[in-house]
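Colleague: A single structure is presented below for examination.
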Amino acid sequence: MDSDATHEPIEILLVEDNPDDVQLTLHALKRHGLANRIRVVRDGAEALEFLFASGADVPNVVMLDLKLPRVDGIEVLRAVRADPRTRTIPVVVLTSSAEGRDIAETYDLGANSYIVKPVDFEQFTEAVRQLGLYWVVLNQRAPAEPLTE
């Protein structure tokens, strides 16, 4: 399911520890032709290793769960926004937490979107489809290097 073998740029980094949610997300992306270049990591430490490895592809979007082993999603988001190499990557929080403090903190840290995972399969599929279409197909990425004149 990972695209490392193809050496193509990673479009979506999915950071999710729940195997059922991984499969649902991948199914929804595949169903709409958006799963060609996706990398799945199972915890926050793996996400940070992937994002900050020398020569690593910078994804078009990070879909980030908050409740992760080893390093939680809040800390991943904090690290992404603190580093100039990754601070412009869109981060979509895709989590089961509807807690106000989680929503407020992630937006304070620079999350681009916060989505509470729907329990219903069709709602979840539609939410993932819309996320993929917007962030992978429509959204224009920030330049890798700041523009200077």
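Colleague: Which of the numbered conditions does Asp108 fail, given that it passes all the others? Conditions: (1) buried (at least 17 other Cβ atoms within 10 Å of the Cβ); (2) more than 22 Å from Leu29 (Cα to Cα).
Modeller: The single condition Asp108 does not satisfy is (1).
Colleague: Now a separate question. Is there any pair with a first residue in region 80-93 that is more than 20 Å from Lys117 (Cβ to Cβ) and outside any strand (DSSP E or B) and a second that is modelled with pLDDT of 95 or more and not aliphatic (A, V, I, L, M) whose Cβ atoms are under 7 Å apart and which are 6 or more apart or on different chains, and what are they?
Modeller: Arg81/Gly110; Arg87/Arg81
Colleague: Inspect region 21-32 for any residue being part of a loop (DSSP other than H, G, I, E, B) and either buried (at least 20 other Cβ atoms within 10 Å of the Cβ) or in contact with a helix residue (DSSP H, G or I) (Cβ under 9 Å, 6 or more places away or on another chain) (or both) and give the result as yes or no.
Modeller: Step one: filter region 21-32 for residues part of a loop (DSSP other than H, G, I, E, B), giving 32.
Adding the requirement that they be either buried (at least 20 other Cβ atoms within 10 Å of the Cβ) or in contact with a helix residue (DSSP H, G or I) (Cβ under 9 Å, 6 or more places away or on another chain) (or both) leaves 32.
Yes; the residues of region 21-32 include at least one that is part of a loop (DSSP other than H, G, I, E, B) and either buried (at least 20 other Cβ atoms within 10 Å of the Cβ) or in contact with a helix residue (DSSP H, G or I) (Cβ under 9 Å, 6 or more places away or on another chain) (or both).
Colleague: Further question: Looking for something in contact with an Asp or Glu (Cβ under 9 Å, 6 or more places away or on another chain) and at positive phi - is there at least one such residue anywhere in region 113-125? If you could, list the steps in order and put the result at the bottom.
Modeller: Here is the first cut: in region 113-125, the residues in contact with an Asp or Glu (Cβ under 9 Å, 6 or more places away or on another chain) are 114, 117-118, 124.
Now narrow it down to the ones that are at positive phi: none.
Scanning region 113-125, I find no residue that is in contact with an Asp or Glu (Cβ under 9 Å, 6 or more places away or on another chain) and at positive phi, so the answer is no.
Each row is one residue, and each column tells you yes or no for (1) of a type in the set (Gly, Ala, Ser); (2) exposed (fewer than 14 other Cβ atoms within 10 Å of the Cβ); (3) within 17 Å of His32 (Cβ to Cβ); (4) at pLDDT 80 or above.
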| residue | (1), (2), (3), (4) |
| --- | --- |
| Phe52 | no, yes, no, yes |
| Asp72 | no, no, no, yes |
| Ala82 | yes, yes, no, yes |
| Ile89 | no, no, no, yes |
| Leu138 | no, yes, yes, no |
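Colleague: Moving to a separate point now. Report yes if Ser97 is hydroxyl-bearing (Ser, Thr, Tyr) and farther than 16 Å from Ile12 by Cα, otherwise no. Break it down into steps so the answer makes sense when it comes.
Modeller: Details: hydroxyl-bearing (Ser, Thr, Tyr): yes; farther than 16 Å from Ile12 by Cα: yes.
Against the criterion (hydroxyl-bearing (Ser, Thr, Tyr) and farther than 16 Å from Ile12 by Cα), Ser97 qualifies.
Colleague: Applying the selection to region 103-130, what residues are within 19 Å of Asn18 (Cα to Cα), assigned to a helix (DSSP H, G or I) and touching a strand residue (DSSP E or B) at 6+ places or on another chain (Cβ under 7 Å)?
Modeller: Result: Ala127, single match.
Colleague: One residue is enough: does region 4-11 have a residue meeting the conditions within 23 Å of Arg78 (Cβ to Cβ), modelled with pLDDT of 90 or more, surrounded by 18 or more Cβ atoms within 10 Å (Cβ to Cβ) and in contact with a strand residue (DSSP E or B) (Cβ under 9 Å, 6 or more places away or on another chain)? Give the derivation first.
Modeller: Going through region 4-11, the residues within 23 Å of Arg78 (Cβ to Cβ) turn out to be 10.
Within this subset, residues satisfying the condition of being modelled with pLDDT of 90 or more are none.
Scanning region 4-11, I find no residue that is within 23 Å of Arg78 (Cβ to Cβ), modelled with pLDDT of 90 or more, surrounded by 18 or more Cβ atoms within 10 Å (Cβ to Cβ) and in contact with a strand residue (DSSP E or B) (Cβ under 9 Å, 6 or more places away or on another chain), so the answer is no.
Colleague: Quick check on Ala98: is it out of contact with any Ser or Thr (no Cβ under 9 Å at 6 or more places or on another chain), surrounded by fewer than 17 Cβ atoms within 10 Å (Cβ to Cβ) and modelled with pLDDT of 95 or more? Before you say what the answer is, go through the steps one by one.
Modeller: Details: out of contact with any Ser or Thr (no Cβ under 9 Å at 6 or more places or on another chain): yes; surrounded by fewer than 17 Cβ atoms within 10 Å (Cβ to Cβ): yes; modelled with pLDDT of 95 or more: no.
Considered against the rule, which asks whether it is out of contact with any Ser or Thr (no Cβ under 9 Å at 6 or more places or on another chain), surrounded by fewer than 17 Cβ atoms within 10 Å (Cβ to Cβ) and modelled with pLDDT of 95 or more, Ala98 comes out as no.
Colleague: Which one of these is more than 21 Å from Arg141 (Cβ to Cβ), in contact with a Ser or Thr (Cβ under 6 Å, 6 or more places away or on another chain) and either at pLDDT 90 or above or not small (Gly, Ala, Ser) (or both): Leu24, Leu66?
Modeller: Values: Leu24 fails: in contact with a Ser or Thr (Cβ under 6 Å, 6 or more places away or on another chain).
Answer to the selection: Leu66.
Colleague: Go through region 48-78 and report how many residues are over 16 Å from Ser113 (Cα atoms) and in a helix (DSSP H, G or I).
Modeller: Matching residues across region 48-78 total 6.
The values are calculated or read from the model by the stated rules, or taken from the named source; none is laboratory data. The structure presented is a predicted model; accordingly, all values stated were derived computationally and were not measured. Note that we place each Cβ from the backbone using ideal geometry, even for glycine, and neighbour counts take in every protein chain shown.
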